[in-house]
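See below for the structure under consideration.
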Amino acid sequence: MDSPPASSRSPIAALREGLRRQMPACRHWAYLDNAAVAPLPQPAADAIGEMAAAFAEHGDTDWPALNRRAQRCRTLAADLIGADETEIALVPNTTHGLSLVAEGYPWEPGDNVVTLANEFPSNQYPWLNLVSRGVEVRRVGVDGVVVDRSRLADACDSRTRIVAVSWVGYATGFRADPAALAEVAHQAGALLCLDAIQGLGVFPMDVKAAGVDFLAADGHKWLLGPEGAGVFYIRRDLLDRLRVFGAGWHSVKAGHDFSTIEFDLRDDAARFEGGSLNLIGFAGLAASLEILSRAGLSHDRSPIADAVLDLGEYACQRLKRIGATVFSDRTPTHASGIVSFLPRDGEPAVWASRLKAAGVAVAARNGWLRASMHGYNDESDIDRLIETLKKG
């Protein structure tokens, strides 16, 4: 059956169709596991292949041009979150970005970090690694799904230096308000370090308006990039607050003048990059960021979020009709691309395996099944999920 003319399709349907055409995985899967690792769009795969071929055939003889393609990622990432390019460092993953803060902050014995007890390990271990240095880690409990802002505030005191929280919970899908988190941190005289990996790529993020001090996100989830290529944001006036962790030739102004050894740090966030970058990976991430930008995602608007939340509601309605229990908070201000649920019977891990065998990709997390949908997903993916669950 032919597709309806563009003029008769809703904006959401048109957006989904445009994104879906660029996602080869849709030919094989109802891919609802973007919160783990998203499939690569074809343009990103092409960019990676072209870079790999260039290095294979010509080595680094045209390194400046190849580097420029990867550095495009910095510009796109800055535009995406409303930051300046000088505030963006290219990092291998979220853990590395968070560790730049954990290892670089000028801690004193008796200082503390406030985080949530249900954070992903990447937003716990960098802080717990500080305990041997006399830093207390206060892990605030979360009852059910909702993050209680008042409990976070109560955990802070005059020795709180960092509040480290995820924008979107990896297991529950709860989407916190970054501005509210920043207010909690700043009222205590602390700084907000935001793990943005489960929200960036779907929802708009304006770091200036929200008051975010540090932000880290790998590209392999909602940004639709490859693993090993992520971004770190640091508010420019905080550059000198952090000690450079992993200093290298790329950290200093002399840079490519390898015969000059002067520890004169760069005046931008690239000082935290240390040595050589994963140029191939960042070329792929840049291609994915361009796709998201063309789809309308920016620091202050996101048609992708509209598509994702709309499909999430469709998924929840269909799940409830077959007796599944939905755990995720679906209120408009807190809903995300993650829907955590339990089928009427059976173990989540067993269900995840059955669904995979039927061509439906989901994850089992914390005793629930987690379906995580992006802008390229459509109702046919949810229908395939539901029909497989009904078959048992």
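The values are calculated or read from the model by the stated rules, or taken from the named source; none is laboratory data. Since we're looking at a predicted model, the values are computed, not measured. When we count neighbours, we look across all protein chains shown, and the Cβ atoms used for this are built from the backbone with ideal geometry, even at glycine.
Pairs are defined by a Cβ separation below 7 Å, a sequence spacing of at least 6 or placement on different chains, a first member in segment 309-320 that is not assigned by TED's automatic domain parsing to the domain that holds residue 334, and a second member that is at pLDDT 95 or above and not in a helix (DSSP H, G or I); no pair meets this definition. Among the residues of segment 172-198, those identified as surrounded by fewer than 22 Cβ atoms within 10 Å (Cβ to Cβ) and outside any helix (DSSP H, G or I) are 177, 188, 189.
Of all residues in segment 138-153, those that are closer than 18 Å to residue 167 by Cβ and either without any contact (Cβ under 8 Å) to a residue 24 or more places away in the chain or among the β-branched types (Val, Ile, Thr) (or both) total 7.
Go through (1) under 17 Å from residue 228 (Cβ atoms); (2) of a type in the set (A, V, I, L, M); (3) out of contact with any Phe, Trp or Tyr (no Cβ under 9 Å at 6 or more places or on another chain) one by one and return the number of the condition residue 54 breaks. Failing condition for residue 54: (1). With respect to residue 190, is the statement that it is touching a residue at least 60 places away in the same chain (Cβ under 8 Å) and more than 20 Å from residue 121 (Cα to Cα) true? For residue 190, the condition - touching a residue at least 60 places away in the same chain (Cβ under 8 Å) and more than 20 Å from residue 121 (Cα to Cα) - is met.
What is the residue count in segment 252-282 for residues that are of a type in the set (Gly, Ala, Ser) and over 24 Å from residue 98 (Cα atoms)? Walk me through it before giving the result.
Residues of segment 252-282 that are of a type in the set (Gly, Ala, Ser), as a first pass: 254-255, 259, 269-270, 274-276, 281.
Filter once more, keeping what is over 24 Å from residue 98 (Cα atoms): 254-255, 259.
The qualifying residues number 3.
Working only within segment 155-171, note down all residues that are assigned to a strand (DSSP E or B) and under 27 Å from residue 204 (Cβ atoms).
Residues satisfying the conditions are 162, 163, 164, 165, 166, 168.
Looking at segment 156-165, can you tell me whether even one residue there is among the aliphatic types (A, V, I, L, M) and within 27 Å of residue 307 (Cα to Cα)? Scanning segment 156-165 turns up at least one residue that is among the aliphatic types (A, V, I, L, M) and within 27 Å of residue 307 (Cα to Cα).
Number of residues in segment 155-195 that are of a type in the set (D, E, K, R) and farther than 19 Å from residue 233 by Cβ equals 2. Taking segment 199-214 as the range and being within 22 Å of residue 308 (Cα to Cα) and part of a loop (DSSP other than H, G, I, E, B) as the test, the residues that pass are 199, 201, 202, 204, 205, 206. Scanning segment 299-321 for residues that are under 21 Å from residue 72 (Cα atoms) and surrounded by fewer than 16 Cβ atoms within 10 Å (Cβ to Cβ) gives a single hit, 300.
Considering segment 247-272 alone, what residues qualify as being crowded, with 20+ Cβ neighbours inside 10 Å and in contact with a Phe, Trp or Tyr (Cβ under 9 Å, 6 or more places away or on another chain)? Even if it seems obvious, please write down each step before you answer.
Filtering segment 247-272 down to residues crowded, with 20+ Cβ neighbours inside 10 Å leaves 251, 269-272.
Of everything in segment 247-272, those that are crowded, with 20+ Cβ neighbours inside 10 Å and in contact with a Phe, Trp or Tyr (Cβ under 9 Å, 6 or more places away or on another chain) turn out to be 251, 269, 272.
Residue-by-condition table, conditions (1) among the hydroxyl-bearing types (Ser, Thr, Tyr); (2) at pLDDT below 95; (3) farther than 30 Å from residue 170 by Cβ; (4) under 19 Å from the mean Cα position of the chain (by Cα):
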residue	(1), (2), (3), (4)
39	no, no, no, yes
56	no, no, yes, no
64	no, yes, yes, no
75	yes, no, no, yes
83	no, no, no, yes
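Restricting to segment 235-290, name every residue that is assigned to a loop (DSSP other than H, G, I, E, B), free of Cβ contacts under 8 Å to residues at least 12 places away in the same chain and charged (D, E, K, R).
First, the residues of segment 235-290 that are assigned to a loop (DSSP other than H, G, I, E, B): 235, 242-248, 253-264, 266-268, 273-278.
Going one step further and asking which of them are free of Cβ contacts under 8 Å to residues at least 12 places away in the same chain, we end up with 254-262.
Across segment 235-290, the qualifying residues are 257, 262.
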